[in-house]
Amino acid sequence: MNIILLGPPGAGKGTQAKKLIELLAIPQISTGDMLRAAVAEKTPLGLEAKAFMEAGKLVPDGVVIGLVKERLAKPDCAPGFMLDGFPRTVGQAESLDAMLDSMSLTIDHVVLLEVDDEELVLRITGRRTCGACGAIYHLKYSPPPQPDTCSCGKKELVQRADDNEQTVRQRLATYHEQTAPLISYYEKRSLVRSVAGGGMGPNEVFELVKQKIGR
Ligand code: AMP
């Protein structure tokens, strides 16, 4: 099964992706995670991406398309894959179509997670991620079992550099301007499975997601 997870920042793409890859036994391809790893390693690509990410802007299409192309060619994607945070522009979606065509693959579902902007701001500014295992928490809505400690035991809960309110508002503006047009792009092919995730916890949202993809 080949899936795209679409939705604004903070809608729960990363959290739902983690649940779905377990259910479907397919890899999660998160361009945000790949870019953050490149920034942390200070690779030339990471150095190029850093300023865009910190400003809440999109990294140029050419950079992310190259990353995804390389990743999709890896053998673990053969049974299927979950794209999380890609495509984010119509240009990226067109490149993805060309990539998939050349591999004789198609997308089965575009899962769209919808949440209001003000709820997104609250969710993102309270978000903390475990630097050791990648688990995602919210200080108020989904706190770690012990303060400042992940369930994996590590005291490495960190706030992403771009999860402050000013950058979040810019990321939301970028989403509405450049990424939301993808909804009609995929609606034309009847691929969009919308889930209204506002006011709900991750497990409730996951139940709806499963229904929408027939699992
Ligand atoms: P995310 O973790 O998906 O919220 O992505 C964090 C940041 O990485 C975004 O705000 C962008 O700056 C950059 N990014 C991630 N995915 C893409 C993409 N597909 N196209 C352009 N920039 C991206």
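None of the figures in this text is laboratory data; all of them are computed from the coordinates on show. These figures come from a predicted structure and were not determined experimentally. Every residue, glycine as well, gets a Cβ built from its backbone with ideal geometry; the counts of neighbours run over all protein chains shown.
Structure notes:
- Checked against the criterion of being more than 8 Å from the ligand (Cβ to nearest atom), among the hydroxyl-bearing types (Ser, Thr, Tyr) and over 15 Å from the mean Cα position of the chain (by Cα), region 7-24 contains not a single residue that satisfies it.
- Scan of region 159-173 for residues that are surrounded by fewer than 19 Cβ atoms within 10 Å (Cβ to Cβ) and either more than 14 Å from the ligand (Cβ to nearest atom) or polar (S, T, N, Q) (or both), ordered by number: GLN159, ASN164, GLU165, GLN166, GLN170
- Subset of region 44-73 [near the ligand (Cβ under 9 Å from one of its atoms) and either hydroxyl-bearing (Ser, Thr, Tyr) or outside any helix (DSSP H, G or I) (or both)]: ALA55, GLY56, LYS57, LEU58, VAL59, PRO60
- Looking only at residues in region 74-129 that are among the charged types (D, E, K, R), in contact with a strand residue (DSSP E or B) (Cβ under 7 Å, 6 or more places away or on another chain) and not in a helix (DSSP H, G or I), the one that is nearest to the ligand (Cβ to nearest atom) is ASP84.
- Residues in region 25-37 that are among the aliphatic types (A, V, I, L, M) and not in a helix (DSSP H, G or I) were compared, and the one that is farthest from the ligand (Cβ to nearest atom) is ALA25.
- Just so you know, in region 174-190 the residues that are out of contact with any helix residue (DSSP H, G or I) (no Cβ under 9 Å at 6 or more places or on another chain) and within 15 Å of ILE3 (Cα to Cα) include one that is surrounded by the fewest Cβ atoms within 10 Å (Cβ to Cβ), and it is SER190.
- Leading residue by the ranking (surrounded by the fewest Cβ atoms within 10 Å (Cβ to Cβ)) among those in region 82-114 that are closer than 24 Å to GLY197 by Cβ and of a type in the set (S, T, N, Q): THR89
- Looking across region 46-66 at every residue that is among the hydrophobic types (A, V, I, L, M, F, W, C) and surrounded by 19 or more Cβ atoms within 10 Å (Cβ to Cβ), the one that is nearest to PRO8 (Cα to Cα) is identified as LEU58.
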